[in-house]
1. With a 10 Å cut-off between alpha carbons and a GNM built on the chain, which of Leu79, Leu351, Leu284 moves the most?
2. Considering only protein heavy atoms and a probe of 1.4 Å, how much of the accessible area of the range 231-335 is carbon and sulfur, as a whole percent?
3. Just Ala55, Ala291, Ala106 to compare: in a GNM of the chain, with alpha carbon springs under 10 Å, which one fluctuates most?
4. Cβ neighbours within 10 Å, averaged per peptide: list 307-319, 125-137, 3-15 in order, most packed at the top.
5. Show me, for the range 128-137, the HN-Hα J-couplings you get by feeding each phi into the Karplus relation (A = 6.51, B = -1.76, C = 1.60, θ = phi - 60°), rounded to Hz, glycine and proline as x.
6. If I build a Gaussian network model for the chain, linking alpha-carbon pairs within less than 10 angstrom, which residue out of Thr247, Thr295, Thr277 has the largest mean-square fluctuation?
7. At a 1.4 Å probe radius, carbon and sulfur cover how many percent of the accessible area of the range 30-174?
8. I'd like the trypsin sites (Lys or Arg not before Pro) in the range 270-377 restricted to DSSP loop residues with at most 16 other Cβ atoms within 10 Å, sorted by number.
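The values are calculated or read from the model by the stated rules, or taken from the named source; none is laboratory data. Here the structure is a predicted model, which means the values were calculated and not measured. Don't worry about glycine lacking a Cβ; one is built from the backbone with ideal geometry, like all the others, and counts go over all protein chains shown. Quick note on the areas: whole protein, heavy atoms, side chains included, nothing else; ligands and nucleic acids left out. Shrake-Rupley method; radii C 1.70, N 1.55, O 1.52, S 1.80 Å.
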Amino acid sequence: MNPERRLIYIAVFTIMGLSNTVIPILPELAARYHSTFGEFASSLLFSGYFLGALATMLPFGILADRFGNLRLIGLGIILTAISGLIILFSENLWVLILSRFMEGFACGAFFPAAFSTLSKCKDPGRYMGEFTFLFNAGLASGALVSGLLADIYLKGSILIFTFIALLSVIPLLPRHRELINPKRTGGKSELPPDSGSLGDHFKHSFSEVAGLLNHHNSGIWLSSFLLNGVIGVLIAYYPDYSLGVLTKAQLGSAIASLYICAMISSILIGRFMVKETAIIWIGLSFSALGALFATKCPFLGFSILGGGSGIAMVGFALAVARMDADRGLAMGLFNTTIYAGLSLFPIASGLLIGTFSFEEIFVANGCILAGALLLKD
């Protein structure tokens, strides 16, 4: 396996695993501050990561085109290791929130560059399928290990994934000269020739963003936003919806089935020679069906939603890779839609709680996602 691809695979598993280790133990991490901030303390810890990723995906995608993918991948790995160490040793709420934001910052640096690198490979469908598989494997492992170790050592899962992140830094050490200054390595540089200041580069990039947001591509961005938004709403509010109905083990199994099915479907679909438009349509169809089923049959609903989302995400990535634009910029915009959905959709849905029941909100979200199938492009 290509060393750069191996580094990307290990890193995506680690970054996503560490990001999800805090989810099962959010109340315990924020317990000292509940008397002052109530449940808002847990909400801040949860949201810090997504806000950090949302704010940095597009800028770092632009910087990846300017400075090279490897440098941004390395930055993401290093910041992940640092944030893990801070979360492991700190008990202060504000330090933990800043560390979660740094985790999102690291994610913003890593993902556009990683997607851009894989999109240039000979068989991008297969490699993006494997990448999505490991993405979901990390999410599932982080939450599962955290729940299993919580009674033994509250931060046990954080310790494990921080250690893996530190090990992931080691392959970067022999390439430190390339990370600092790629032009001095003597190899063929993938960087564009220096055609102006960084400000000029950003001005040019944002004009390209305007082009990417045109009517022809709007269906891809909107569908990605809606799909991830629906997933975010279900994960954020299903624990309250199922309170007294499902045990913690049943709830954990249902949510884990989303990630497991996404792992399986993403790695399988990447090996079929199917057009990305068909892949996206199939994925969204299953996802909408799963969101509706989840209201009555959680395990079946989350499984179908996960399988559909794994398929759709591979289709989105392939469609974005074929756009006539700088890869880092396009992938940064794509990942921005993902984290915009995950962070903003649950907040918007939360404002409706009290006016509508959880079940009504879930059904409405499923219907909105089904409406994405009517988008022309």
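1. Leu351
2. Values: 3050 of 4340 Å².
About 70 percent, which is the carbon plus sulfur part of the accessible surface.
3. Comparing Ala55, Ala291, Ala106 in the GNM, the peak value goes to Ala55.
4. On the way: 307-319: 27.5, 125-137: 23.3, 3-15: 21.1.
Highest mean packing first, the order is 307-319, 125-137, 3-15.
5. Those phi angles translate into 5, x, 5, 4, 5, 4, 6, 4, 6, 4 Hz.
6. The residue that fluctuates most here is Thr247.
7. Details: 4220 of 5780 Å².
Solvent-exposed carbon and sulfur of the range 30-174 make up 73 percent of the total.
8. Values: sites: Arg271, Lys275, Lys296, Arg322, Arg327, Lys376; in loops: Arg271, Lys275, Lys296, Arg322, Lys376.
Answer by residue number: Arg271, Lys275, Lys296, Arg322, Lys376.
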